[in-house]
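The values are calculated or read from the model by the stated rules, or taken from the named source; none is laboratory data. None of the values given here were measured: they were computed from a predicted structure. All Cβ positions, even for glycine, are placed from backbone atoms using ideal geometry, and neighbour counts span all protein chains on display. Quick note on the areas: whole protein, heavy atoms, side chains included, nothing else; ligands and nucleic acids left out. Shrake-Rupley method; radii C 1.70, N 1.55, O 1.52, S 1.80 Å.
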Amino acid sequence: MNPVLEICAGDVGSVRAAAAGGAARVELCSALSEGGLTPSAALIEYAVSMDKLRTHVLIRPRTGDFLYDADEVAVMERDIAMAVELGAHGVVIGALTPGGDVDMDVCRRLVSAARGRSVTFHRAFDRCRDASSALEDIISLGCDRVLTSGQAPVALEGAETLRRLVDQAAGRICIMPGSGVSPHNAAEILRKSGATEIHASARRPVSSRMIYKNDKVYMGAADADENEILVTSADVVADIINAINNL
């Protein structure tokens, strides 16, 4: 069986490109520049409507850490219910305690809210104090996979840890490498880690189609180039698939 490619998609164009390039699944989110946040209902509906593309929805109510208060947990539960109602095939969750462990109470509530849909534990895992212990906790929650860079800045650098996690998991859960994945290193990451799924954004910069541009006004950070956006490329998706299918 060929490895599975999941694309992190934060807009309509990226969902469309993921499907056109042949990805099996999207992790749907917004605000990729902030590490990803929960997407809109309309974007979920759009992604779910794409044939042959499974949609897993990121559930993250804000930027920053993964320590959530009661109101934030309630919002995440409602976001999961909304995603399920809209036909999402899965959700992507994560919550930590102040000490850097998996918050089992919160995560049980989030898994329960998913009502049997596939559940991925996101890269909050890479902020855990003990990867081995955290993995056992996540397995006990009934999650289907863990998205991780092997607690390194990028997955290739974390390949040794990824291999240890794959060995520890022993088929009980899928370890899915992510961060810094490209057509040039995807096969190497899978080879070194022993993983069977991989996660990438496969993005390229696209210039704005605006003719008039007021460069004195910024919608975000003043050093950001708002005349260019990063969008998933169908060609890059296809290149990653070709690379990992020829291991």
query: Is there a residue being crowded, with 19+ Cβ neighbours inside 10 Å, in contact with an Asp or Glu (Cβ under 8 Å, 6 or more places away or on another chain) and at positive phi anywhere in the stretch 193-200?
result: no
query: In this structure, does Leu53 turn out to be under 22 Å from Gly94 (Cβ atoms) and either of a type outside the set (Ser, Thr, Tyr) or at pLDDT 95 or above (or both)?
result: no
task: Working only within the stretch 86-124, note down all residues that are charged (D, E, K, R) and either surrounded by 22 or more Cβ atoms within 10 Å (Cβ to Cβ) or under 15 Å from the mean Cα position of the chain (by Cα) (or both).
output: Arg123
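Quick grid of which residues meet (1) under 30 Å from Gln151 (Cβ atoms); (2) modelled with pLDDT under 95; (3) in contact with a Gly (Cβ under 9 Å, 6 or more places away or on another chain):
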position	(1), (2), (3)
Arg16	no, no, no
Arg25	yes, no, yes
Arg62	yes, no, no
Asp71	yes, no, no
Val75	yes, no, no
- prompt: Do we have Asp79 as closer than 25 Å to Ile139 by Cβ, buried (at least 21 other Cβ atoms within 10 Å of the Cβ) and touching a residue at least 40 places away in the same chain (Cβ under 8 Å) here?
  reply: yes
- line: In the stretch 206-222, anything closer than 17 Å to Leu32 by Cα and either open to solvent by 80 Å² or more (accessible area, probe 1.4 Å) or among the small types (Gly, Ala, Ser) (or both) is listed as Met219, Gly220, Ala221
query: Out of curiosity, is Arg204 basic (Lys, Arg), over 18 Å from the mean Cα position of the chain (by Cα) and not in a helix (DSSP H, G or I)?
result: no
query: Applying the selection to the stretch 125-134, what residues are charged (D, E, K, R) and either free of Cβ contacts under 8 Å to residues at least 24 places away in the same chain or open to solvent by less than 30 Å² (accessible area, probe 1.4 Å) (or both)?
result: Asp126
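Output the residues belonging to the stretch 136-184 that are basic (Lys, Arg) and either buried (at least 23 other Cβ atoms within 10 Å of the Cβ) or under 19 Å from the mean Cα position of the chain (by Cα) (or both).
Pass one, the stretch 136-184, residues basic (Lys, Arg): 145, 163-164, 172.
Of everything in the stretch 136-184, just one residue is basic (Lys, Arg) and either buried (at least 23 other Cβ atoms within 10 Å of the Cβ) or under 19 Å from the mean Cα position of the chain (by Cα) (or both), namely Arg145.
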- line: Quick count over the stretch 37-76, residues being open to solvent by 20 Å² or more (accessible area, probe 1.4 Å) and β-branched (Val, Ile, Thr), is 4
